[in-house]
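One structure is given here, and the rest of the page talks about it.
Values quoted throughout were computed directly from the atomic coordinates according to the rules given, and no laboratory measurement underlies them. Since the structure is predicted, the reported quantities are computational estimates derived from the model, not experimental observations. In this analysis, Cβ positions are derived from the backbone assuming ideal geometry, glycine residues included, and neighbour counts consider all displayed protein chains.
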Amino acid sequence: MASNRELLALLVLLLAVMAWSWIGPFDRATWWLEAIPVVVALPLLAWTRNRFPLTRLAYYLIFVHAVILVVGAHYTYARVPLGFWMADWFDFSRNHYDRIGHLAQGFVPAILAREILWRTGAVTRRGWLFFLTTCFCLAFSAFYELIEWWTALIGGDGSIEFLGTQGDVWDAQWDMMMALIGAIAAQLLLGRFHHRQIALVSGR
């Protein structure tokens, strides 16, 4: 179980990255659209810390995902330097930082979903846990694509930076595919380790 000192250290680091991200972003409106999940998650995690503490693995993955989000918020996903470096290294035709973001969008929620489903007793068999966790992550990714679509309808050209399609007509499908891969990979790679941590936290 993560100690309060550990979590405080992660919080300080994240707030430092958020402060950097906030200063001079490429587009302020896009910053809010990309960073709002982090802004909402922080007080929610603080509120649930005592009544439903998460595993150490979950907290650390949330931290990594939050950093990915606020870095993307600063540059916009289509302009993050890491994506341009990847394009040079692997001869990609576009900035693929958004693919990293959507891979994390499946990877991290998979750990959170399986932890909540298992610890609350909503699912009691591991086969169903894998299936339902995967379904949840794919549904979550699809809903996020709907949010992007609604934002485009409301914001018009002003939402282009948030969408980050970079001219790819299959961008939404690729995003959902990356989230699906992330969800499956998280469970295959970390499932056993995660269950050991769940047992330490909840005894189940």
Quick one: order M18, M1 by neighbouring beta-carbon count within 10 Å, fewest to most. M1, M18
Given the options Y75, G24, L13, identify the residue whose Cα lies farthest towards the positive end of the charge dipole of the chain (+1 on Cβ of Lys, Arg; -1 on Cβ of Asp, Glu). L13
Per the 1/(1 + (r/R0)^6) rule, R0 = 22 Å and r from the Cβ atoms of A142 and W170, FRET efficiency to 0.05 is 0.95
Distance in nm between label sites at E6 and W150, each 7 Å beyond Cα in the beta-carbon direction? 3.6
Treat every Asp and Glu Cβ in the chain as -1 and every Lys and Arg Cβ as +1, leave all other atoms uncharged, and give the resulting dipole magnitude about the Cα centre to the nearest 20 debye. 1400
Where does the longest stretch of the chain lie that holds no chymotrypsin sites (Phe, Trp or Tyr not before Pro) found in a DSSP loop with 14 or fewer other Cβ atoms within 10 Å? 93-169
What does the net charge come to around L61 if you take all other residues with beta carbon closer than 13 Å to its beta carbon, with K and R at +1 and D and E at -1? +1
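Under 20 °C and 1.002 mPa s, how fast does the range 72-150 diffuse according to Stokes-Einstein, given a Kirkwood radius computed over C-alpha pairs? Answer in µm²/s, whole number.
Details: Rh = 14.4 Å.
D = 149 µm²/s.
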Separation of the D88 and T48 label points, Cα + 7 Å toward Cβ, nm: 4.1
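FRET efficiency for R125 and L188, Cβ-Cβ distance as r, R0 = 22 Å, nearest 0.05?
0.80
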With viscosity set to 1.306 mPa s at 10 °C, what whole-number translational diffusion coefficient in µm²/s follows for the range 1-80 from Stokes-Einstein and a Kirkwood radius over Cα pairs? 121
Using only DSSP helix segments of four residues or longer, with each worth -39500 (n - 2.57), what per-residue ellipticity at 222 nm results for the chain after dividing by its residue count and rounding to 500? -27000 deg cm²/dmol
